[in-house]
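Presented below is the structure to which this report refers.
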Amino acid sequence: MIGCESAGVMFTCDPITGDERVIEITGNYGLGESVVSASSEPDTIKMSVNIESNSLSKRRHIKGIESKVIGQKKTLIRLSENGGTLEEDIEDTNSCCVSDEDLYRLADLGLKIQSYYGNARDIEWGLKGGQIFMLQSRPVTNLDNSYTDYEIMHELDTAHPSEFEIYSRAHWAVTIVLQREVLASDASATMDDYNPYVDMMGVCYNQLFFNLTNYVFDRFYDYPESKLSEYSVLAFFGHHITDRDTLNMFQEKRHRLHRPSLIENIKYYANIFFFGRAKMFADIDKYMGHYDMVQKLRQYSGAKRVFDGLMKEYEMTDVMFFHHSWATQGSTIKNGIIRYLLESAQQNNPNLDSDMNLLISSCDEVVSAEVPNRLRDIAVAIEDRQRFVRLSDEEALEELRRGTGEASRLFDQFLKDHGHRGYKEMDPYCKPWEDNPIPCVKNLKAILSGSENLLKPKVVKSVDEVVNELRTPLSFWRRYLIRKVFLP
């Protein structure tokens, strides 16, 4: 136990709306128990965050103190010299319990913790002798009230093959939710319907995890010795793995691996480089616009039968994910080969990351990249930007919907083209942008509140132009391979 001079709670987003442009800090003198238990009215400070990118890999910064509400703070709780705690009256209730300098330090540490975990955090903190102590960090849970107490209590009741399993969400910050509340009304539904066991993935009540210990992800097991495994890990997780248990598991599993034959390798690389992507687009043409799921489900009655029918009839998911995996693996390996060509061209290549970013960002005709581009176009078309930012999200949305200007026209077209999408697209509880455009409005405000660079249009360059801009000294053959084989 730390005898803090002041302590409290910090949310790395607005705890009501989830807006990550705001960090909310509540605090009181003494231990944080008075804040957590709400036994004393704390100080409440909101810090403004400069968000230049939706990605947490892009460093965020504190812009300033947005508001400061001094609580009454009539009492504090401190450690007793004889053990336990004591409650005392506070003499100075008119001052903030945290200095402005420490508020900036505290909020900046909150941003770093949020970046590390990859989601908004509920953090308990303490100050003593000029040092900041982070006492506890957990995800912000009160933003989603769609889960019952029973579901939260049994969130991790998934069956596991053994006592030692390692699961990871990888780069899938996506919530997978089954329609359990509907199933609960059907007496024939069982626990297997709520929490199905999947060999490749651990489906817990609120999350989807990948099981790294079942040989499905054997391409990781030669990490970090193998370059191919290293690039696969970077593509799948977005960072290097340092967890000792995971590394030990990789080392143990690699000795039991089935090493593919030459013929198996040829088939594998033929699929990921040539046939997988073509089959994926062929299936898109086959199913898109011709697949009537509603009609197929009319034959079922009862929540459980409808749910089972949904799983059975939705063959497009299996087909698309199967071919999509081939295309994704091909893209991953191509990225790895390009990185190797750059990395090995110069010892301790100082231009490695900047050149890789240049090559990847030059890709055009990428659907996922079209969304931020279209949002940027809308932001540029907004005439009174400062006024738009000051509006509430609901008022800003109403102005875009009822307006007759270019911004309104672009916004309407954006929802027609991308309204079926949304954050956490695989979560049926989360509405798509067409039904709830507020997240898009928040994004527009973030763009307008950031630097002018966010408003600059993306410059589309040819493959030759991009390769010629690389700073890494490359031989003729390395340039040829990047230009003709791996980058297109």
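The values are calculated or read from the model by the stated rules, or taken from the named source; none is laboratory data. Since the structure is predicted, the reported quantities are computational estimates derived from the model, not experimental observations. All Cβ positions, glycine included, derive from the backbone under ideal geometry; neighbour counts span all protein chains shown. Heads up: the accessible areas ignore ligands, DNA and RNA and are worked out on the full protein's heavy atoms, side chains in. Shrake-Rupley method; radii C 1.70, N 1.55, O 1.52, S 1.80 Å.
Charge dipole (Cα centre; +1 on Lys/Arg Cβ, -1 on Asp/Glu Cβ; no other charges) of the range 367-455 amounts to roughly 120 debye. Report note on the peptides 233-242, 259-268: ranked by the mean count of other C-beta atoms within 10 Å, highest first, their order is 233-242, 259-268.
Hull volume per residue, based on the alpha-carbon atoms of the range 367-455 and their convex hull, is 92 Å³. Summing +1 for each Lys or Arg and -1 for each Asp or Glu among the other residues whose beta-carbon sits under 15 angstrom from that of PHE476 gives +3. The residues of the range 6-139 expose on average 50 square angstrom of accessible surface per residue, using a 1.4 Å probe on protein heavy atoms. For the range 6-139, the relative contact order comes to 26 percent (Cα pairs under 8 Å, sequence separation of at least 6). Each label point was placed 7 Å from the Cα along the Cα-to-Cβ direction; for SER99 and THR242 their separation is 3.0 nm. To put it simply, the accessible area of the range 6-139 at a 1.4 Å probe is 46 percent carbon and sulfur. Computed over the range 367-455, relative contact order equals 35 percent, with contacts defined as Cα pairs under 8 Å that lie 6+ residues apart.
Within a straight-line Cα-Cα reach of under 23 Å, LYS253 can be paired with the following lysines, leaving aside sequence neighbours fewer than 8 residues apart in one chain: LYS227.
Over all directions, average the projected area of the Cα convex hull of the range 6-94 and note it in nm². The orientation-averaged projected area of the Cα hull of the range 6-94 comes to 7.2 nm². Peptides 20-28, 439-447, 111-119 ordered by packing proxy, namely the average of other Cβ atoms within 10 Å per residue, highest first: 20-28, 439-447, 111-119. A 1.4 Å probe run over the range 367-455, with the rest of the protein chains in place, finds 56 Å² accessible per residue. Ignoring lysines fewer than eight residues from LYS112 along the same chain, the ones with Cα atoms less than 21 angstrom from its Cα are LYS46, LYS58, LYS63, LYS128.
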